[in-house]
Amino acid sequence: MENKEQTVEEEILINFEKKIENGDSIEPKDKMPDGYRRHLIRQISQHAHSEVIGMQPESNWITRAPTLRAKQILLAKIQDEGGHGLYLYGAAETLGISRSELIEQLHTGKAKYSNIFNYPVLTWADIGAIGWLVDGAAIVNQVSLQRTSYGPYSRAMVRICKEESFHQRQGYEIMAKMMAGTKEQQEMAQDAMNRWWWPSLMMFGPHDSSSPHSGNAFKWKIKRHSNDELRHKFIDKTVQQAQVIGLKIPDKDLKWNEKNGHYEHGAINWYEFHKVIAGNGPCNKQRMEHHIKVHNEGKWVREAAEAHRLKKERQN
Amino acid sequence: MTTDTQLELWEVFMQSKPGANYIHAGSVHASDKSMALQNARDTYSRRGEGTSIWVVPANAIVASNPDDNDLFFDPANDKVYRHPTFYVMPKDAKAI
Amino acid sequence: MTEQSLYNYCLRMGDNALILSYRLSEWCSNGPMLEEDLALTNFALDMIGRAQAILKYASELQGGVKTEDDLAYRRSEREYYNNLITELPNGDFAQTIVRQLFISAFEFYFFTELQKSNNATLLAIAVKTLKEVKYHLMHATDWVIRLGDGTTESHKRMQDAINYLWMFTGELFEMDLIDTTLIEKGIGVDLMLLQPKWHRHIQQVMYDATLQLPEEGFMQTGSRKGIHTEYLGHILSEMQYLQRTYPDAIW
Ligand SMILES: [Fe+2]
Ligand SMILES: [Fe+2]
Ligand SMILES: [Fe+2]
């Protein structure tokens, strides 16, 4: 009996991997190995939670945005991020897990979100730095994920990438304006750059040599490019953009490598990275408490909406 | 008393311009039809992506089973006479 | 006289949109559902756009020395003319949604009438705004009915919100010399004619939602003279923070 089940499992795996090799995309009703499903749920939900938690640091500045235009842009940007969270929750739900469960996993700490949102957004220049660097780094990753093997995830990424295109530009525009502004504005911009540069590089995750989950992720074409490949892509284009507006990259070891045509960056402080992941970043507690509080405050609204529907159904 | 949920799942189909096919855009959660429609509008039509929206309760959608693909779809592959290129037309005939 | 009245009229409309958009934008990342978060943000965006258009026109009326941002960010407490109801804290979702109903219904009738204005700019703004407001009204109405006729808790929260907000609705229909001047010129809207329509509309929604309007009673007033609740000052100190701290900066 046990042997037979094993062969069924094996058969699923063989057919699945044949499809992956052909470059076919996997759809919700296709048979897939458990490991693939679990990996996807973990990755997509982490991605969804990141979009949603990422709304908090930026919305912190909505009421203080300095012009009507700036406020419109920021609101529309954060709204997009909420939309992205929504698309991704939808993609995760096709794998047989509900949004309620996903949120519960976030609240119990079982699911993670991007580390970057555990840093505080201190000045208006941080809003620029987030759009330019954080969204910039995210886009590099997301563009690569448009070709991920799971259909619903890939389709969500295509939609997200389309919308992301203004996010990085609006952030860079803020930085450019500040660098063309008063001395105080320039200092603010450089200070934001100094604080956000390294955490942005950390967004790509550990170096390839020490990345724990990537084995099957590559084989199953969930991940299409390595952490270091993507990190380099990001650095290469960002350094030039910084130079154009007169911002310094806070890395004294940064240098251009003639041979491979990439920048070499200095050592990343992985101690800090792991410290923040372990929950000891400046804002970990604040972000989670806020999410839980909002969730609890919305409970009566959701319950009432359901109750109203049931009443109406009974009447008809 | 009801328990807390994230409301029901609905699938959203958008028509990008009059006359175009409705294409699946994604999903939203909502407790009733009008909420589903409004949520779909606010989620999937923020950039003028649509001129019309359909929302369907996700549990009302019936999907074919990938295991049945050979019996569902393969038999149509050899019916070449359904395609116009199958037919030999007299050389001089026009507009056909 | 007409110019000055028109300018003040624009500030009123512009400030209503500006301050309510401020409050609605506070919901961003605080909504009861992700979907509703996006919806409330959409309303805020509609209103910032409206504030921008109207304040720009106001600045043009004054010769364009000040920009719409100067008007939004560089006036002091007594120079704002938004209705008090727009500056009240959001409270819970019930309070926000009841306010949306009261204001959206008012705006629906107001901008419908303003479409008859012989001022081309106001007319154009009215046409554009009315489309947005119709959607706001539909959204608010649906929610008021759901929550009014939902659970015991939601019903109570809604009734509390109505009881609290009611005394701020009278101000929506107050008229002074500015109004009469502009009505005479065929520019402005006669608010007195709107009130019964608005009242009937709200009454119907209350009926559908199993909720009750309070007895007619005392109504708060002040905004027409720039006298506000204490909440406005806090809004301004937050909203104007960067403009005030770095007066020479360009953003
Ligand atoms: Fe993002
Ligand atoms: Fe995003
Ligand atoms: Fe983004």
| request: Towards the positive end of the charge dipole of the protein assembly as shown, with charges on Cβ (+1 Lys, Arg; -1 Asp, Glu), say which of B:ILE96, A:ALA129, C:MET206 has the farthest Cα. | output: B:ILE96
| message | Could you report the accessible area of A:GLU51 in Å², rounded to 10, computed with a 1.4 Å probe on the protein chains as they sit in the structure? | response | 20 Å²
| For C:39-51, what's the mean count of beta carbons from other chains sitting within 10 Å of each residue's beta carbon? | 4
| request: Taking the Cα atoms of region C:2-245, report the difference between the largest and smallest coordinate on each principal axis, in whole Å and largest first. | output: 55, 43, 32
| query | What does the average come to when, for each residue of peptide C:18-29, you count the partner chain Cβ atoms lying within 10 Å of its Cβ? | reply | 5
| query | Which value in Å does the Kirkwood hydrodynamic radius of region B:8-63 take, with 1/r averaged over all unlike C-alpha pairs and then inverted? | reply | 11.1 Å
| query | Using a 1.4 Å probe, how large is the accessible area of A:CYS161, given in Å² and rounded to the nearest 10? | reply | 20 Å²
| note | Between B:ASP70 and A:LYS237, Cβ-based FRET efficiency (R0 45 Å, step 0.05) works out to 0.45
| Cα coordinate range in region A:210-257, projected on the principal axes (Å, largest first) | 42, 18, 17
| remark: Mean projected area (nm²) from the convex hull of Cα positions in chain B is 11.2 nm²
| Rounded Å value of the spacing that divides the Cα centres of region C:1-40 and region A:129-153 | 33 Å
| To the nearest 10 square angstrom, what accessible area does B:TYR81 show with a 1.4 Å probe? | 110 Å²
| field | Simple Cβ-charge dipole of region B:8-63, Lys/Arg +1 and Asp/Glu -1, about Cα centre, in debye nearest 20 | value | 240 debye
| request: For A:GLU11 paired with C:HIS199, estimate the spin-label separation in nm (one decimal), with each label point 7 Å from Cα along the Cα-to-Cβ line. | output: 7.6 nm
| For the pair A:GLU184 and C:LEU123, what calculated FRET efficiency results from E = 1/(1 + (r/R0)^6), where r is the Cβ-Cβ distance and R0 = 41 Å, to the nearest 0.05? | 0.40
| message | Greater than 29 Å separation of Cα atoms is the criterion. Which listed pairs, A:LYS177/A:LYS237; B:LYS17/B:LYS79; A:LYS77/C:LYS225; C:LYS56/C:LYS225; A:LYS162/A:LYS285; C:LYS185/C:LYS225, meet it? | response | B:LYS17/B:LYS79; A:LYS77/C:LYS225; A:LYS162/A:LYS285
| request: Can you check what the Kirkwood hydrodynamic radius comes to for chain A, Cα pairs only, in Å to one decimal? | output: 21.3 Å
| said: Could you work out [θ]222 nm for chain C from helices alone, using -39500 (n - 2.57) per DSSP H run of at least four and dividing by all its residues? Round to the nearest 500 deg cm²/dmol. | reply: -22000 deg cm²/dmol
| Taking the alpha-carbon centroid of each part, what is the distance from region C:82-110 to region B:70-96 in angstrom? | 63 Å
| request: For the protein assembly as shown, restrict the atom set to alpha-carbon positions and state the Rg and Dmax in Å. | output: 28.0, 94
| query | How big is region A:46-96 by the Kirkwood estimate over distinct Cα pairs, in Å? | reply | 11.6 Å
| task | Mind putting together the pair-distance distribution for region A:42-200? All Cα pairs, 5 Å bins, whole percent per bin, short to long. | result | 2, 9, 18, 22, 18, 14, 9, 5, 2, 1, 0
| message | Output wanted: per-residue J couplings in Hz (rounded whole) for region C:154-167, from phi through Karplus 6.51 cos²θ - 1.76 cosθ + 1.60, θ = phi - 60°, x for Gly and Pro. | response | 5, 4, 5, 4, 5, 5, 4, 4, 5, 4, 6, 7, 4, 5
| Sorted by mean Cβ packing within 10 Å, highest first, what order do the peptides C:220-230, A:67-77, C:102-112 take? | C:102-112, A:67-77, C:220-230
| query | What FRET efficiency do you get for C:TYR231 and A:ASP228 if R0 is 56 Å and r is their Cβ-Cβ distance, rounded to the nearest 0.05? | reply | 0.60
| Estimated inter-spin distance, C:THR152 and C:THR112, nm [label 7 Å along Cα→Cβ] | 3.9 nm
| request: Rank by packing, highest mean first: peptides C:120-129, C:86-95, A:271-280, with packing defined as the count of other Cβ atoms within 10 Å averaged across residues. | output: C:86-95, C:120-129, A:271-280
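The values are calculated or read from the model by the stated rules, or taken from the named source; none is laboratory data. Note that this is a predicted model, so its numbers are computed, not measured. Positions of Cβ are backbone-derived with ideal geometry, glycine not excepted, and every protein chain shown enters the neighbour counts. Ligands, DNA and RNA are excluded from the accessible area calculation, which covers all protein heavy atoms including side chains. Shrake-Rupley method; radii C 1.70, N 1.55, O 1.52, S 1.80 Å.
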